[in-house]
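Okay, so here's the structure we're looking at.
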Amino acid sequence: MSDLVNLTIDGVALAVPKGTLVVDAAKKVDIDIPVFCYHPKLAPVGMCRMCLVEIGVPVIDRATGQPALNADGSPRLNFGKGLQTGCTVTVSEGMVVRTNTVPVTDAREDIIEFLLTSHPLDCPICDKGGECPLQNLTMAYGRDESRMVFTEKLKLAKHVPLGEVIYLDRERCIQCARCTRFQAEIVDDPVIGFHNRGRRLEIVTFSEPGFDSIWSGNTTDICPVGALTSADFRFGARPWELNPVASICPHCPVGCNTTMSTRREAISGGRNVIKRIMPRQNEWVNEIWICDKGRFVHHYADDPARLTQPLVRRDGRLEPVSWDDALDFVAGRLQQNKDAVAGVAGDRLSNEDYFLFQRLLRQGLGSGNLDLAERRLAGADVVARVGLSRGSNLKDLGRGDAILVVATDLHQEAPLWWLRVKQAAERGATLVVLNARPTRLDKFARFVRHYDAGAALPAVRELLALARVDTGDQPADAAQATANALMEANNLVVFYGAEGLSYDQSDTLARLLANLLLVKRGDDALPFAGRPNNGLVAVGRHANNQGARDMGIHPALGPGHSAAPSAGLNADEIYAAAADGRVRALFALGADPVGDGLMDGRGQLSFLVVQELFLTETAKLADVVLPAQSWAEREGTFTNGERRVQRFYPAIPAMGQARPDWQILAQLGERVGLGKPPFAASLVFKELAAAVPQYAGMDYRTLAQVTEQWPVVGGSDLYYGGTAYDNHQGLGQQTAAAAESGAVESYDLPADTPAAANPPRVGAVNVLPVRALYTPGTLINLTPVLRDRLARPTLHLNPDDAAALLVGDGDAVAVAAAGQASGAVVELDEDAPGGLALLSGVVVARDGSPRQATVRSVVVEEAGYHPALQ
């Protein structure tokens, strides 16, 4: 039988898939049925009744079982006794829908009138004014004058903080429940809900602190009125004053598509500034959602503490100089030390920046001492071979597919991936989670294994061995059943991180998981790698870990993961060599190794140059500081963890004399003999696309191509999809995984050597550093709206371990491990593994493997937090 259903809407014949709702079917042929409570990403509830339409279905002759016909041969239709909600009725064969009849129009007028009985007439001061569905539909269907008595209007509180981030205007709320349903259905954070009944029904928060969710900002996008506003934007600007500019979120490897809304302001000296960040639709990446970190952490781009001019150290002080003087000085000193020069880079920079940085070091200075500043997660070269294949979309995964997540907490490290993996599991995909501790993904998994701390590699080796065993119909234990579930899937996607792993261990983990994707059960079977909706995904820290490695930011691998002309020092070796004088000149690009605890001062360096946004701890010690532009001031590309290359665009003017990183590097390259510098980021991308095989055929025009997406959002009918922006600026392109071109050999790995048992001594505990989305840092610390949500250093302890250590809930403690010390507050957690403490809210230098730590109580005058943490 056909999967399509034929129907007619307002005389327009169409065919849509079975199960399609009437309101969605109408949308596909540009017939608008107004809605308030309905949203295409939420389950329908039929609460607001704004979508009432006339629906007729064919009358079936009981004798023949065939449609009854009128005298003229047309099908006889039964329209029932009343109107029906288009958001809850699914299409059926031969259905006829009428959306513009008098009864339908009268019903819409009545609904609008009812909604306005107690709605305030404050459109001129409402943040939603200009992009408000209720305002637009009132203009279309509202009456010229009210029949209600003004004195009977219900007066409710108008500035109710649901938390520090979201404010509620109870008078404006129309009780559509979009916000509460989003929190419960989509993101599994049911922290707000309805309270009371009738006209006094209101939204309240159930959490402490209020509205405690990393997704809260999305409720302001889908609210069809001005009831929910963010503390960051409310009363800040009118929508029609804003200029939308497409961008990409720089904070995690997902690469969410965003739109920056900017406005020129007198208070900012006439500069264009970012007023808000909104989601931009990309159904292959973030759909229409973003987390609150991506939404609110942008204030650093406009912060007055930004570096605005080049600085050179003279007589022990950093003093402003011209760009030419600074560049000449840097080029000269780097060439003087070219036999002992090194470079480290952060992972928030663009592909263009990385490409020119490695060219400056390798070709201009002849040095292979080049690496990312923090060696956290390895395996980008493995991902280039067996990564998620082109044509993949996590939204396509469901029943019959499988997802494996290893050594990562997606909810805190890559929230949109957590959301999309969760939804795939809800659609029926088999989810397997392997980690040393419980995470929020566990409740959606079919198989969960919590291995001992430090035992990630043995756990994955066991899984790989069992995956190669075909047990047929024989009974299987839990471990074998897990392997069978993965191998019997139609598609397999694997996410891996570095929680509890050293850098080298994460490299081994990536190769083990690659081998899993290359397993073939049977002679005729095909491996998972190389097919759409299959492959490996690395969960890096920021926006462009994959792009950095693709461009050759690696001591042994050049652009495209080819062998470098000569192997150099890795980041850890660079810092050691800087300390003892083997490296005399260091270029820190968008990195703060001193502030992050990776370097102890500048060591024996004779020259240190830092290219940064702020005067970081490393910059304070530098001989030259070069001011760079933020991602909001320039254009470029990021490559996300799924290897999708995406463009971002300039939204605000440069801060002072700051320049794009790629331009600074190109001008330095000219001074060391690399030829005339390119004058546009697009030309740099053209060069790198010619040098990096995976990027061949890409340019800024192909990255800007778009295709039609469903559901339709961002159009004039904001009542349907909310105020998320539609995408006209580019969906990006995925690089090809090597496995797509043919057979890829599995990795030959040495046998695993079990680690010796290392039970903690008395007064000590094994501590596992874990990531928190709001871990304090240079950028997030400049976000006022999230200041109270920043993760405080916390030691999560099982109650039994806490009792053994003689500490209790809320105690301030000092944690010392591997030469690093941190103050923290104890939080008793029944879910914390016995014998393992979890340390969050602290930036831990070096690797993230479990360390034995001493824990001692700290006496403070006021209970709560260690004094050093205030």
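The values are calculated or read from the model by the stated rules, or taken from the named source; none is laboratory data. Note that the structure is a prediction, hence the values are computed from the model and not measured. FYI the Cβ positions are ideal-geometry reconstructions off the backbone, even for glycines, and counts take in every protein chain you see. In case anyone asks, the SASA skips ligands and DNA or RNA and just uses the protein heavy atoms, side chains included. Shrake-Rupley method; radii C 1.70, N 1.55, O 1.52, S 1.80 Å.
Scan segment 207-222 and give yes if some residue there is under 28 Å from V421 (Cα atoms), aromatic (F, W, Y), touching a residue at least 24 places away in the same chain (Cβ under 8 Å) and open to solvent by 20 Å² or more (accessible area, probe 1.4 Å), otherwise no.
Checked against the condition, which is being under 28 Å from V421 (Cα atoms), aromatic (F, W, Y), touching a residue at least 24 places away in the same chain (Cβ under 8 Å) and open to solvent by 20 Å² or more (accessible area, probe 1.4 Å), segment 207-222 yields no hits at all.
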(Q) Residue pairs, Cβ under 9 Å, 6 or more apart or interchain, first in segment 677-699 and in a loop (DSSP other than H, G, I, E, B), second hydrophobic (A, V, I, L, M, F, W, C) and open to solvent by 50 Å² or more (accessible area, probe 1.4 Å). List them. (A) A696/A690
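Does any residue of segment 361-369 turn out to be closer than 30 Å to G500 by Cα and in contact with a Lys or Arg (Cβ under 9 Å, 6 or more places away or on another chain)?
yes
If a residue has to be among the small types (G, A, S), open to solvent by less than 30 Å² (accessible area, probe 1.4 Å) and farther than 30 Å from R333 by Cα to count, how many in segment 360-399 make the cut?
Filtering segment 360-399 down to residues among the small types (G, A, S) leaves 364, 366-368, 373, 378-380, 384, 387, 389, 391-392, 398.
Filter again for open to solvent by less than 30 Å² (accessible area, probe 1.4 Å), leaving 364, 367-368, 373, 378-380, 384, 387, 389, 392, 398.
If we keep only those that are farther than 30 Å from R333 by Cα too, we end up with 378-380, 384, 387, 389, 392, 398.
Total meeting the criteria: 8.
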Q. Counting just the residues of segment 178-222 that are aromatic (F, W, Y) and part of a loop (DSSP other than H, G, I, E, B), which one comes out farthest from F235 (Cα to Cα)?
A. F206
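Could you check segment 244-328 for strands (runs of 3 or more DSSP E) lying wholly inside it with 3 or more residues that are small (G, A, S) and open to solvent by 10 Å² or more (accessible area, probe 1.4 Å)?
On the way: elements: 257-264, 272-279, 311-314, 317-320.
Those strands (runs of 3 or more DSSP E) do not exist here; none qualify.
For segment 176-206, enumerate the residues that are polar (S, T, N, Q) and at pLDDT 95 or above.
Step one: of segment 176-206, the residues polar (S, T, N, Q) are 180, 183, 196, 205.
Scanning segment 176-206 gives T180, Q183, T205.
Is it the case, given these coordinates, that A622 is more than 25 Å from I274 (Cβ to Cβ), part of a helix (DSSP H, G or I) and not charged (D, E, K, R)?
On the way: more than 25 Å from I274 (Cβ to Cβ): yes; part of a helix (DSSP H, G or I): no; not charged (D, E, K, R): yes.
No: the conditions fail for A622.
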Q) Among the numbered criteria (1) within 27 Å of L137 (Cβ to Cβ); (2) in contact with a helix residue (DSSP H, G or I) (Cβ under 8 Å, 6 or more places away or on another chain); (3) open to solvent by 50 Å² or more (accessible area, probe 1.4 Å), which single criterion is violated by S230? A) (3)
Q) Can you find a residue in segment 645-662 that is over 27 Å from the mean Cα position of the chain (by Cα), crowded, with 24+ Cβ neighbours inside 10 Å and modelled with pLDDT of 95 or more? A) no
(Q) Looking at D110 and the list (1) farther than 18 Å from L718 by Cα; (2) assigned to a helix (DSSP H, G or I); (3) under 41 Å from the mean Cα position of the chain (by Cα), which single condition is not satisfied? (A) (3)
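Give segment 45-67 a look and list any residue that's of a type in the set (G, A, S), closer than 14 Å to E93 by Cβ and open to solvent by less than 40 Å² (accessible area, probe 1.4 Å), or say none.
Filtering segment 45-67 down to residues of a type in the set (G, A, S) leaves 46, 56, 63, 65.
With the extra rule that they be closer than 14 Å to E93 by Cβ, the set shrinks to 56, 65.
Hit for segment 45-67 is G56, nothing else.
Please indicate, with yes or no, whether at least one residue in segment 712-721 is of a type in the set (F, W, Y), modelled with pLDDT of 95 or more and open to solvent by less than 50 Å² (accessible area, probe 1.4 Å).
no
Identify all residues within segment 626-653 that are more than 30 Å from R531 (Cα to Cα), aliphatic (A, V, I, L, M) and touching a Ser or Thr at 6+ places or on another chain (Cβ under 9 Å); write none if there are none. Let's see the steps before the verdict.
Of all residues in segment 626-653, those more than 30 Å from R531 (Cα to Cα) come to 626-635, 649-653.
Subsequent filtering for residues that are aliphatic (A, V, I, L, M) retains 626, 628, 632, 651-652.
Residues satisfying the conditions are A632, A651, I652.
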Q. Taking the condition open to solvent by less than 20 Å² (accessible area, probe 1.4 Å) and touching a His at 6+ places or on another chain (Cβ under 6 Å), does A812 pass?
A. yes
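In segment 2-19, how many are touching a residue at least 40 places away in the same chain (Cβ under 8 Å) and open to solvent by 20 Å² or more (accessible area, probe 1.4 Å)? Spell out the reasoning first.
Taking segment 2-19 and keeping what is touching a residue at least 40 places away in the same chain (Cβ under 8 Å), we get 5-10, 16, 18-19.
If we keep only those that are open to solvent by 20 Å² or more (accessible area, probe 1.4 Å) as well, we get 6, 8, 10, 18-19.
Final tally of qualifying residues: 5.
Which of the residues spanning segment 119-147 are part of a loop (DSSP other than H, G, I, E, B), open to solvent by 80 Å² or more (accessible area, probe 1.4 Å) and more than 18 Å from M50 (Cβ to Cβ)?
Of segment 119-147, the ones part of a loop (DSSP other than H, G, I, E, B) are 119-122, 126-132, 142-147.
Next, only the ones that are open to solvent by 80 Å² or more (accessible area, probe 1.4 Å) stay: 121, 143-147.
Answer for segment 119-147, where residues must be part of a loop (DSSP other than H, G, I, E, B), open to solvent by 80 Å² or more (accessible area, probe 1.4 Å) and more than 18 Å from M50 (Cβ to Cβ): L121, D144, E145, S146, R147.
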Q. Of all the residues that make up segment 666-686, how many are open to solvent by 70 Å² or more (accessible area, probe 1.4 Å) and either of a type in the set (S, T, N, Q) or closer than 21 Å to R549 by Cβ (or both)?
A. 1
Q | Conditions (1) open to solvent by less than 60 Å² (accessible area, probe 1.4 Å); (2) assigned to a loop (DSSP other than H, G, I, E, B): number failed by V97 | A | (2)
Q) What number of residues within segment 148-170 are part of a loop (DSSP other than H, G, I, E, B) and exposed (fewer than 15 other Cβ atoms within 10 Å of the Cβ)? A) 7
Q: State which residue is modelled with the lowest pLDDT when the search covers only segment 329-359 and only residues that are charged (D, E, K, R), open to solvent by less than 50 Å² (accessible area, probe 1.4 Å) and within 20 Å of E633 (Cβ to Cβ).
A: D347
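I'd like the full set of residues that are basic (K, R) and either open to solvent by less than 70 Å² (accessible area, probe 1.4 Å) or touching a helix residue (DSSP H, G or I) at 6+ places or on another chain (Cβ under 8 Å) (or both), limited to segment 179-199. Show your work before the answer.
Step one: of segment 179-199, the residues basic (K, R) are 181, 197, 199.
Once the filter is applied, which keeps residues that are basic (K, R) and either open to solvent by less than 70 Å² (accessible area, probe 1.4 Å) or touching a helix residue (DSSP H, G or I) at 6+ places or on another chain (Cβ under 8 Å) (or both), segment 179-199 yields only R181.
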Q. In segment 607-622, which residues are closer than 10 Å to R313 by Cα and open to solvent by less than 10 Å² (accessible area, probe 1.4 Å)?
A. A622
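For a quick check of your reading: which helices (runs of 4 or more DSSP H) sit entirely within segment 485-601 and have at least 2 residues that are open to solvent by 30 Å² or more (accessible area, probe 1.4 Å) and hydrophobic (A, V, I, L, M, F, W, C)? Don't jump to the end; show me each part of the working.
Details: elements: 503-517, 545-550, 571-580.
Once the helices (runs of 4 or more DSSP H) in segment 485-601 are filtered for at least 2 residues that are open to solvent by 30 Å² or more (accessible area, probe 1.4 Å) and hydrophobic (A, V, I, L, M, F, W, C), what remains is 571-580.
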Q.
Suppose we filter segment 430-474 for residues that are out of contact with any Lys or Arg (no Cβ under 9 Å at 6 or more places or on another chain) and in a strand (DSSP E or B); how many remain?
A. 3
Q: Hey, can you tell me all the residues within segment 400-440 that are hydroxyl-bearing (S, T, Y) and open to solvent by less than 10 Å² (accessible area, probe 1.4 Å)?
A: T408
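Right, L416: under 21 Å from the mean Cα position of the chain (by Cα) and in contact (Cβ under 8 Å) with a residue 60 or more places away in the chain or not?
Working: under 21 Å from the mean Cα position of the chain (by Cα): yes; in contact (Cβ under 8 Å) with a residue 60 or more places away in the chain: yes.
Spelling it out, L416 is indeed under 21 Å from the mean Cα position of the chain (by Cα) and in contact (Cβ under 8 Å) with a residue 60 or more places away in the chain.
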